[in-house]
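The values are calculated or read from the model by the stated rules, or taken from the named source; none is laboratory data. What you are looking at is a predicted structure, and each value in this text was computed from that prediction instead of being measured. Backbone-built Cβ (ideal geometry, glycine too); neighbour counts: all protein chains shown.
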Amino acid sequence: MPEAVLQQAAAEMLDWHDAQGRSSGMSVMEMSHRGKEFIGIYEQAHNDLRELLAVPANFKILFMQGGGLAENAIVPLNLSQGGAMDFVLTGSWSQKSQKEAAKYGVARVAASAQADGFTTLPSPATWQIGADSRYVHICGNETIHGVEYQELPDLKALGCNAPLVVDFSSHVASRSVDWSRIGLAFGGAQKNLGPAGLTLVIVREDLIGQAHPHCPSAFDYKLVADNESMYNTPPTYSIYIAGLVFQWLKKQGGIAAMEQRNIAKAQLLYDFLDHSSLYVNKVAKDCRSRMNVPFFLRDESRNEAFLAGAKAANLLQLKGHKSVGGMRASIYNAMPLEGVQVLVAYMREFEKTQA
Ligand SMILES: *Cc1c(COP(=O)(O)O)cnc(C)c1O
């Protein structure tokens, strides 16, 4: 989270003020989601997000709940009509999506990088997409394996008319988005946009309104869209905080400026890793994530000492996901370049002491 956002939230935790500085006399948590104060907060957040991500007019932005994992079921319930879907497996998250979707239809594997230990991206030209595919699912950034698409696949160029579904949970707002290649994108807010509890779905209008009869009403994109994300009570406080993050992003210069900053941050860390004799990143260079940088100590018996020293230097949450091991630096939007510089300085010092 950007510190400026946390400070503003703290300052108006008990009494929210509008843009003109007028007191509302209540916390955002105490507002009715149908009251004029919260509607104002919601509309501002919605419009800022549309502007930031340059979402075209024929896409709906839905503020939902349930997180990325719930969308693994909600997407097939809304788009598959019990038919076939194609999944590109590039790490833990796309694997999970495919497994969950198999409960609701035929979830095929179009390509998989599992044999490479999820360190590469299968070239779109090799994907086996069925002619009857309802949609093709990819995970734009594999948070655990540190693999990211540098360009979205162009399904039309592959002769495929099915819409592309992208899980962008862990890199939304970190780079520009080519909406002409996307049918639906979804993501939990907690990596790059705000607190847990808010789930973002951005979906092309023509894909709305085909939900399976067993789809829970609160998860039917048509009902959610027709009710401006207020079919049921939305996660109001998380929307408010995400709205503050959107304003912060605009002040930073928008997504183009964030993307440049994220490129510089990632380059600093990868350059250091690639020139080190102690640390190693195993992901192919053309698909390395700008957000999540997994790395290993060549001498894994030093892992605990590395983490203890990092903690003493206030460098936190560096332990890799348990399914992969090693280390992982998550350098989301809110992490400044200075934070990565401090990390690299610590890693360089630690390496020296190991000689
Ligand atoms: C974190 C994450 C999820 C899971 O989100 P939840 O909100 O925990 O359900 C899904 N996909 C990706 C790519 C993630 O990074």
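Starting from residues that are in contact with a strand residue (DSSP E or B) (Cβ under 9 Å, 6 or more places away or on another chain) and aromatic (Phe, Trp, Tyr), keep the ones in the range 33-78 and report whichever is surrounded by the most Cβ atoms within 10 Å (Cβ to Cβ).
Here is the first cut: in the range 33-78, the ones in contact with a strand residue (DSSP E or B) (Cβ under 9 Å, 6 or more places away or on another chain) are 42, 45-46, 49-50, 53, 55-56, 58-72, 74-76, 78.
Narrowing further to those that are aromatic (Phe, Trp, Tyr): 42, 59, 63.
Details: 42: 20, 59: 21, 63: 23.
Checking each candidate, the answer is 63.
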* **the range 47-73 residues that are assigned by TED's automatic domain parsing to the domain that holds residue 208 and closer than 24 Å to residue 218 by Cβ, paired with ones that are within 16 Å of the ligand (Cβ to nearest atom) and assigned to a helix (DSSP H, G or I) (beta carbon under 6 Å, 6 or more apart)** => 63/239; 72/97; 72/100; 73/100
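Residue by residue, here is whether (1) among the acidic types (Asp, Glu); (2) within 16 Å of the ligand (Cβ to nearest atom); (3) modelled with pLDDT under 95; (4) outside any strand (DSSP E or B) holds:
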| residue | (1), (2), (3), (4) |
| --- | --- |
| 45 | no, no, no, yes |
| 54 | no, no, no, yes |
| 60 | no, no, no, no |
| 81 | no, no, yes, yes |
* Structure fact -> Expected output for the range 293-316 (first residue in contact (Cβ under 8 Å) with a residue 40 or more places away in the chain, partner outside any loop (DSSP other than H, G, I, E, B) and of a type in the set (Lys, Arg), Cβ below 8 Å, 6+ apart or cross-chain) is 293/328; 294/328
* Asked: Of the residues that sit in the range 151-176 and are under 18 Å from the mean Cα position of the chain (by Cα) and away from the ligand (no atom under 16 Å from the Cβ), which one is surrounded by the most Cβ atoms within 10 Å (Cβ to Cβ)?
  -> 153
* Being surrounded by fewer than 24 Cβ atoms within 10 Å (Cβ to Cβ) and not hydroxyl-bearing (Ser, Thr, Tyr) is the filter; apply it to the range 135-150 and report the residue that is nearest to residue 290 (Cα to Cα). => 150
* To do: Considering only the range 17-32, state which residues are outside any helix (DSSP H, G or I), surrounded by fewer than 17 Cβ atoms within 10 Å (Cβ to Cβ) and of a type outside the set (S, T, N, Q).
  => 17, 18, 19, 21, 22, 25, 26
